Amino acid sequence: MSTAGFNSQNGTGTGQAYANGPSQNPVALQQPPGVSYGMTHQPTYNPMQAKAPAPPGPGLYPAGPYQPVPPVSSYQPGPPPTSYPSSPGHPLLPRPPMGGHPSHTPPQSASPSPGPRIPPGQATPPPPAVSSSSYYPNPQQPMAPTWQYNTPTPPLGPATSISAPPVGPVANHVNPAASLSGPSPPSSSAYSSGPPPPSISHSATQPPGPGMPPTSRHGYTQPGVAPPPMNPMAPHTYQGQPSRPAYGTSLTGPPPSGPPPTMKPTPPPTGPPVANATPPPPKADGAVAGNGPQAPNSYNHLDNKMAGPTPTGPPGRHLGHYPSLPPGYQNTSAPHATPPMHPAMQAATQPYTQAPQPYQQPPGGPGPAQLSPSLAAMSLQSSTPEALRVVNLLQERNLLPPTPIPAPTPCLTQDLQKLNCSPEVFRCTLTSIPQTQSLLNKAKMPLGLLLHPFKDLSQLPVVTSSTIVRCRSCRTYINPFVSFLDQRRWKCNLCYRVNDVPEEFMYNPVSRSYGEPHKRPEVQNATIEFIAPSEYMLRPPQPAVYLFVLDVSHNAVETGYLNVFCQSLLDNINSLPGDSRTKVGFITFDSTIHFYNLQEGLSQPQMLIVSDIEDIFLPTPDSLLVNLNECKELVQDLLKSLPNLFEKTMETQSALGSALQAAFKLLSPTGGRMSVFQTQLPNLGVGALQSREDPNQRASAKDIQHLAPATDFYKKLALDCSGQQVAVDLFLLSAQYCDLASLGCISRYSAGSVYYYPSYHHQHNPAQVERFQKDLKRYLTRKIGFEAVMRIRCTKGLSIHTFHGNFFVRSTDLLSLPNVNPDAGFAVQMSIEENLDDMQIVSFQAALLYTSSKGERRIRVHTLCLPVVNSLSDIFAGADVQAITGLLACMAVDRSVTASLSDARDAMTNAAIDSLMSYRQSVLTVQQPGLLAPACLRLFPLYILALLKQKGFRTGTSTRLDDRVFAMLQLKYQPLAYAMLMIHPALYRVDDLTDEGALNINERTIPQPRLLQLSVEKLSREGAFLMDAGTVMYLWIGRNCHPNFLTQVLGVPSYAAVPDNLYLLPELDTAESQRTRAFIGWLRDQRPFFPSLHIIRDESQLKASFMQNMIEDRTESALSYYEFLLHLQQQISK
């Protein structure tokens, strides 16, 4: 990997890759090229892996007009056509031939020494410089249209070499396309270089074995759920088409079989244990304490052993077959005992309850790490699990379940499963982890985690203890999945080190009993928060500091946002999170920078203007950030006078860059949160930008330009902010192009967030004003964590190589989060570095260390446990289709920026082709015609098509550049439940809501209508339909809608009387109005941001936006769902 590529990711080099996620791993364990690392290593499957360039053409979707076909639905009776029409002169995109690029991953070093992996010489990287060099040393090299899912990072080397072998075990941040540059070796098979994957000896249906009795979590069926009968396949469809050849050319033999090996404790590794001792004093800058420069409170020492290699030789077991898995999807209504969750967010299974569960493990008894007998006895029952039921996608029309899709439940014993982390917080794309990388490569599915670590939780156990029990070797926090060898010793579930139980841990504060450490809350809860002792601090915890930076140019005053902001802050000023030390400050700017002296004792706020924007300075450094409690009246006076102060301004220029520099100087001594409000393209001083958007190219079917930043000014400033514990949140309120691709970097790398209100105007767009008000209230009052760091650990043998989200990767695997908020999501990609042959379960742990707004240092820890399997059918049975889609979306955003949008689109399509082809070739025992998928992946092609039509990735449809970039930012930053709504909206019929099956919440009755497919054929002119697309909702009124609905819900006498810009439902005292408002209000309450509601008729301007979300229908530039399925089948059958 070139140093430029890595450094530009982390903002310290000359490269230009600004992908909001892949930040490179600055480890350099140099290996000579081509060295083989023994039997355990298998090359990684990556849908981004280089394939030969596609033949010229418009991409997946022909750009020209389609041949005329019957509208609405392509599902005609009779045999499906073998291909779909393409427009004249636009040949369909054939599947490109395959090529591969070798990538080798060294095994983890066996050295147990505690030091971090970063070499001292690289602790202070060179300063960034602007450069046009891309991630790829050879820009004209054709990019691959598929991903390399699970590839660890190549090492830092000469700036032009990308093909050097990758570095160490926790290769933290790879650009997904990093291994694409070199020419493919002639011998490489399609997805793997090096040894081909072994053949898998298990088929989809395993021989009958002793089955588990069905339990509430592990039975196949639930009340009222029965798999629908499969339609018989038309006998003349696709008979005997040759299938694409298998990926491996020779097979290396079956995986080990026989009884699982017995477990022996690993002797503790030699070397000094890392104690929770007081760390060395803080140093400047941002690397590991005691090993180079360090920013205040960067807390690398807190987890420093994770940066060092973990000991080798994990004892463990071998998981046999997949036991009965609960149905991942149901095609009939489930009983209505579901928790009150938003449908599309019920992606997470049960409500999150944190009551301590009885831990069925007597001291010295078998812990989760000694489960061979119980787990090995669970072999696959003779009937196929619902998740593996074969579905012919071309024949089963109604695949979308009527109720929300729950996350699949990992196949664990009941004791372990009830202790497992909630999928709302921690979710894996594969709930059964493959035993080897070659098995993962063969499954052609990405392995990764999706996290929502600081989520608001109704129940969160908090532990105050002077001793936080952690593994002496890898620094894992004690958790429900460790094993107690006896009362005095526990074995780590990540590195298998045996540790002593501290004396204090013998006492259980909950039961007030002594001698039962396995009953402590830390071992009973997969999510827990510790109040940290002093050794987790490098300086006293910072106060809550809030600085507001406001655009007051003529353009800004015209939008009217200033009145809304000032009024909202006045209303919520007493609800800002904080304590008696909380500080606030204000800066306004146009072509000059205005500071406000709010010092106690002044009779009114004093405005100080700095016109020298080239050399910005603070006029009175001590009185610009003031204690909120002491100066509240002055702050309130300022907020009341600000809107009038600039009412008559004619200043049109915007010196945003200088204002940000001033704000950075003001916040640097303490850290804190900078909230920036901007309404136009910055055009003066440092960071000035020029318009790069050509409106004529918005609907281009070719590649979209300017998705990457125009300058690295905002990224560099963000990295400076991150080093001083400052996060920047950007509110962009504009009707014009603002270059969000460049401005967004200020938030992306400082762990802030971006809010975007296109066409914001206080009079012309009241729906946006309402959304801005609601978002601002949530933003000002929600929980916040300051000076935070997060580290994700996983069981030895697994490694993390790419992160997605808003953060800066400080050292190998430590994410720097100057602020952390409860609405932020993260994703990581993983690979299997060493075979997990002798393990039955693996664990993942995310630890978030932060300062609360009250000045307490806290650590929130989440631990997830998953089974290890050795057959492809078991891997497929545990696939989480929504998590896979969410991770692919993150990877596609990076690919769009570092390569091109068309590459990202091709890679997403190939992800669906590859996984379904792998299923057909390696899991299905009886080959049948048709496009076959396991039931758990039956929605995968639909979700991929939804991504291709999503605002971030669509082509051929007029899309403003800022809208596209914002959609991409959302996909990277939103937790999975919210992102899925933006990918595949939910559609409901609401003119016939009833109380049947309704939820009762706080004495409110919430109707529960069925989810409908996103197709015009589901609409009816006699009805009213609500579409929930995450950040926006549309209520579409049919032309012949029943007058009862119009009068009782909308309060109008007829269809013609429905106003054009209606965005509020009138509060009428009718049962119909109450039901409709209750349902919409309940949907809104399920998410932290406020979706605006647009009530539309056939004549409305917004009807086009509503129709663009009809994913299953054809548009001028995109295939219908049925045509897309035929395209997939055509590629799979080649």
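Between the DSSP loop rule and a limit of at most 15 other Cβ atoms within 10 Å, which trypsin sites (Lys or Arg not before Pro) in segment 629-661 are left?
Sites meeting the loop and neighbour criteria: Lys648.
Sort 976-988, 1012-1024 by the packing proxy (mean of other Cβ within 10 Å over each peptide's residues), most packed first. Don't skip to the end; give the middle numbers.
Working: 976-988: 24.5, 1012-1024: 16.9.
Taking the mean over residues of other Cβ atoms within 10 Å, the ranking is 976-988, 1012-1024.
Net charge around Asn525, counting only other residues with Cβ within less than 12 Å of its Cβ (Lys, Arg = +1; Asp, Glu = -1)?
Working: positive: Lys418, Lys519, Arg520, Arg860; negative: Glu522, Glu529.
That sum, taken over residues with Cβ under 12 Å, equals +2.
Once amide H atoms are placed 1.01 Å from N in the peptide plane, what residues at a sequence separation of 5 or more from Ile784, or on another chain, have their amide H within under 5 Å of its amide H?
Here the answer is Ser853, since their amide H atoms fall under 5 Å of that of Ile784.
Just report the Cα centroid separation between segment 397-446 and segment 974-1030, whole Å.
Between the Cα centre of segment 397-446 and that of segment 974-1030, the gap is 25 Å.
Determine, for each peptide in 884-894, 933-943, 484-494, 467-477, the mean count of other beta carbons within 10 angstrom over its residues, then list the peptides with the highest first.
Values: 884-894: 28.5, 933-943: 24.7, 484-494: 21.0, 467-477: 23.2.
Ranked from most to least packed, the peptides come out as 884-894, 933-943, 467-477, 484-494.
In percent, how large is the relative contact order of segment 902-1032, given Cα pairs closer than 8 Å and 6 or more residues apart?
Numbers: 114 pairs, mean separation 25.7, N = 131.
The value is 20 percent.
Counting only protein heavy atoms and using a 1.4 Å probe, what share of the accessible area of segment 999-1134 belongs to carbon plus sulfur, as a whole percent? Display every interim value, and only then the final one.
Values: 2530 of 5410 Å².
After summing per-atom areas, the C and S share lands at 47 percent.
Counting only C-alpha contacts under 8 Å and six or more residues apart, can you give the relative contact order of segment 1004-1134 as a whole percent? Walk me through the numbers on the way to the answer.
Numbers: 163 pairs, mean separation 35.7, N = 131.
This gives 27 percent for segment 1004-1134.
I'd like the Karplus ³J(HN,Hα) series for segment 548-564: coefficients 6.51, -1.76, 1.60, θ = phi - 60°, whole numbers in Hz, and an x wherever there's a Gly or Pro.
10, 10, 10, 6, 10, 5, 4, 4, 5, 5, 4, 5, x, 5, 5, 4, 5
FRET efficiency for Thr652 and Phe617, Cβ-Cβ distance as r, R0 = 22 Å, nearest 0.05?
On the way: r = 25 Å, r/R0 = 1.13.
Once rounded, the FRET efficiency stands at 0.30.
Once the piece of chain linking Arg1010 and Gln763 is laid out straight, how much longer is it, given 0.36 nm per residue of separation minus the C-alpha distance between them? The partial results should precede the final answer.
Values: separation 247, 0.36 × 247 = 88.92 nm, distance 3.64 nm.
Gain on stretching Arg1010 to Gln763: 85.3 nm.
Could you compute the FRET efficiency for Glu1067 and Ala699, with r as their C-beta to C-beta distance and R0 at 56 Å, rounded to 0.05? Before the final figure, lay out the partial values.
Working: r = 41 Å, r/R0 = 0.73.
Efficiency, from the Cβ-Cβ distance: 0.85.
Ranked highest first by the average count of other Cβ atoms within 10 Å around their residues, in what order do 868-874, 962-968 fall? Mind dumping the intermediate values first?
Numbers: 868-874: 27.7, 962-968: 23.0.
Ranking, from highest mean packing down: 868-874, 962-968.
Just to verify a number: FRET efficiency for Gln736 and Ser511, C-beta to C-beta distance, R0 = 60 Å, to 0.05?
Computed FRET efficiency for Gln736 and Ser511: 0.40.
Give the cross-link partners of Lys583 among the lysines, using a straight C-alpha distance below 21 Å as the criterion and excluding same-chain residues fewer than 8 apart.
Output for Lys583: Lys632, Lys640, Lys665, Lys777, Lys783, Lys854.
Quick one: check the C-alpha center-to-center distance for segment 1072-1102 versus segment 668-727, whole angstrom.
Comparing the Cα centres of segment 1072-1102 and segment 668-727, I get a distance of 32 Å.
Give me a comma-separated list of calculated 3J(HN,Hα) values for segment 1040-1054, in order, Karplus coefficients 6.51, -1.76, 1.60 applied at θ = phi - 60°, integers in Hz, x for any Gly or Pro.
9, 4, 4, x, 4, 5, 4, 7, 7, 10, 8, x, 10, x, 8
Test of understanding: what is the full-extension gain from Asp571 to Arg989, defined as 0.36 nm times their sequence separation minus their Cα-Cα distance?
Numbers: separation 418, 0.36 × 418 = 150.48 nm, distance 3.71 nm.
That pair, Asp571 and Arg989, stretches by 146.8 nm at full extension.
Could you give the nm distance between label points at Lys640 and Ser1020, where each point is 7 Å from its Cα heading toward the beta carbon?
Once both label points are built, they end up 5.7 nm from each other.
³J(HN,Hα) across segment 779-795 via Karplus (A = 6.51, B = -1.76, C = 1.60, θ = phi - 60°), whole Hz, x for Gly/Pro?
4, 6, 10, 5, 4, 9, x, 9, 5, 9, 9, 9, 10, 10, 10, 9, 3
The values are calculated or read from the model by the stated rules, or taken from the named source; none is laboratory data. Because the structure is a prediction, the values reported are computed rather than measured. For neighbour counting, all protein chains shown are included, and Cβ atoms are generated from backbone atoms with ideal geometry for every residue, glycine included. Heads up: the accessible areas ignore ligands, DNA and RNA and are worked out on the full protein's heavy atoms, side chains in. Shrake-Rupley method; radii C 1.70, N 1.55, O 1.52, S 1.80 Å.
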